[in-house]
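The values are calculated or read from the model by the stated rules, or taken from the named source; none is laboratory data. Everything numeric here is computed off the predicted structure, so don't read it as measured data. Virtual Cβ from ideal backbone geometry, glycine too; neighbours counted across all protein chains shown. SASA here: full protein model, heavy atoms, side chains in, ligands and nucleic acids out. Shrake-Rupley method; radii C 1.70, N 1.55, O 1.52, S 1.80 Å.
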Amino acid sequence: MSFCYEPAKNLDEEPIVMPKLTHPRYSNRSGWNAMLPSRIPRPSVNSDQQVDYAIVGAGYTGLAVARRLHEIDPQARITVIEATTIGEGSSGRNSGFFSTDVLTRYGAAQSASMSAETSLAQTKLMKEAFAWLRATVVDNSIECGMQQTGAIRSAASDAGEAYVRRVKKVVEARNLPHTVLGREAIRDGTGADYYQYGLWLHNDWVIQPAMLIRGLADTLPESIVLYENSPVRNMHRDRTGWGLLTDGGLICARTVVLANNGYKLGYLKSRMTTIFTYAAITEAVSEDDIGFLGQWPTWGMVPAHRAGTTTRRITRDRLMVRSLHSLTEIPNATVERQLRERFVRRWPGLRHVSFEHVWGGAISFTNNAAPWWGQIEDGLYASTGCNGSGIIKCTMLGRRLAEIIRRIGHPDEVTSAMGVANWMVPDPFRTIGFHIISAMESRKAGLES
Ligand SMILES: Cc1cc2nc3c(=O)[nH]c(=O)nc-3n(C[C@H](O)[C@H](O)[C@H](O)COP(=O)(O)OP(=O)(O)OC[C@H]3O[C@@H](n4cnc5c(N)ncnc54)[C@H](O)[C@@H]3O)c2cc1C
């Protein structure tokens, strides 16, 4: 076996040491993953090896890169290296909403900055990725609760209603199927007498995220080798390729893809930051309390402000709540208290119901909401900067990145539609800026929080 370079025993002594990669160490398990039967993780890296492609991170991005590379070149030796276990990364921690219709999310300012042409170009990419993901789900019989339930853009305040009414104009102009809901309809459907206006977008979908990512990982073609519990701790480069150092061995590859969700990518530090958002799932409510969850058997509500609260009825007897943002993981007791306050405000009749699971998850955040995607240097590629929405977007970016690596298509097709993450001020200004913007946005969110 030939190595891309002579493996060093002490990598700190190597002359070309790239900035260290770190990896997530969450304080709580993903509630979605915890609700599933236990799964035996794939082995961790336990020897040095040489492959054609090494992918760091087994989320939607990394698995899409791997699957697509295999489709294009079934003979390629492809390895995916995951720091945690499948289902414990953000791909198994999210709220499970997705849509292929790209609409402006934050109101008039962004609405003006995203042209109709851009949103249609993005929609085209998302639809293509969804068709591919859905075919993978169907072909591999992946059970992940994928359903077109629609999602309600819900408003609890006049400002929120004004925003949702602007979304309605976009939706009408695009001729997308929707229903306008008043206070009574939302209350009867969801049990929450809290919202004054809602726009139910019928094209939106939901999934159980941990089931989806487990299914995608567990049905990878046999020749793709997935390692779990194997954080990549460092990277080296020499003239012939890259070396990724894990606790169990060194993986050498001519091509490396960083699909680790901006988890402190040394190279892209000036383009993104990692932030956390949080979620909780209630215990199963008693039969006496089922009526408080509303008449619709399943529903999802997305807030009218980006600092707002997302809610979902995930089974007959459980609700999910997602809210809050922070730069470092907030202590669990604080998260639980703040999520509970939001839950009880919406469902006061359920104040005696406990949360069974509370967790946080990382997302990579960029200044202009565009991803960083493409080639960093010879043999090194990255796709990151999900900005909080990644089920379809990261599938698309991962799939398209594999094609660019294999010289299929042109990178401009993606970057002209999605944009490219621009420069972000360094610390300490970045942290100060985050706290100021976060405080302002939370105030603006008001009742939507
Ligand atoms: C609470 C919450 C709610 C969300 N809700 C939604 C939603 O409703 N809809 C939606 O579309 N998106 C949602 N998102 C965002 C979505 O989860 C992300 O966009 C998506 O997971 C990004 O996919 P990814 O593959 O790029 O990154 P990830 O899913 O984070 O995967 C990256 C993987 O890389 C691994 N990794 C990191 N560092 C290393 C290392 N050094 N070595 C090896 N492995 C490493 C991580 O463990 C991780 O598994 C939400 C996120 C959170 C946290």
Legend entry - Members of the stretch 165-204 found to be within 26 Å of the chain's Cα centre (by Cα), assigned to a helix (DSSP H, G or I) and either at pLDDT 95 or above or not aliphatic (A, V, I, L, M) (or both), listed by number: R166, K168, T190
Inset, instruction - Tell me, please, whether a residue that is within 13 Å of the ligand (Cβ to nearest atom), open to solvent by 30 Å² or more (accessible area, probe 1.4 Å) and of a type outside the set (S, T, N, Q) can be found in the stretch 334-353. - result: no
Inset, instruction - Looking only at the stretch 263-276, decide whether some residue is in contact (Cβ under 8 Å) with a residue 60 or more places away in the chain, open to solvent by 10 Å² or more (accessible area, probe 1.4 Å), more than 30 Å from I432 (Cβ to Cβ) and outside any strand (DSSP E or B). - result: no
Legend entry - Test: residue in the stretch 70-91 that is open to solvent by 40 Å² or more (accessible area, probe 1.4 Å), within 15 Å of the ligand (Cβ to nearest atom) and either within 30 Å of I186 (Cβ to Cβ) or not polar (S, T, N, Q) (or both): no
Legend entry - Lone qualifier among T315, T366, T309 - being more than 27 Å from L401 (Cβ to Cβ) and touching a residue at least 40 places away in the same chain (Cβ under 8 Å): T309
Inset, instruction - Considering only the stretch 382-417, state which residues are open to solvent by less than 10 Å² (accessible area, probe 1.4 Å), assigned to a helix (DSSP H, G or I) and in contact with a Gly (Cβ under 9 Å, 6 or more places away or on another chain). - result: L397, G398, L401, V414
Inset, instruction - State yes or no: is G57 at pLDDT below 95 and surrounded by 14 or more Cβ atoms within 10 Å (Cβ to Cβ)? - result: no
Inset, instruction - Keeping to the stretch 354-369, report how many residues are away from the ligand (no atom under 16 Å from the Cβ) and at pLDDT below 95. - result: 2
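Filter the stretch 20-38 for residues that are modelled with pLDDT of 95 or more and exposed (fewer than 15 other Cβ atoms within 10 Å of the Cβ) and give the result. Let's see the steps before the verdict.
First, the residues of the stretch 20-38 that are modelled with pLDDT of 95 or more: 28-38.
Once the filter is applied, which keeps residues that are modelled with pLDDT of 95 or more and exposed (fewer than 15 other Cβ atoms within 10 Å of the Cβ), the stretch 20-38 yields L36, P37, S38.
State all residues of the stretch 194-232 that are acidic (D, E) and either within 16 Å of the ligand (Cβ to nearest atom) or in contact with a Cys (Cβ under 9 Å, 6 or more places away or on another chain) (or both); if no residue qualifies, say none. Lay out the reasoning, then the answer.
Pass one, the stretch 194-232, residues acidic (D, E): 204, 218, 222, 228.
Passing the criteria: D204, D218, E228.
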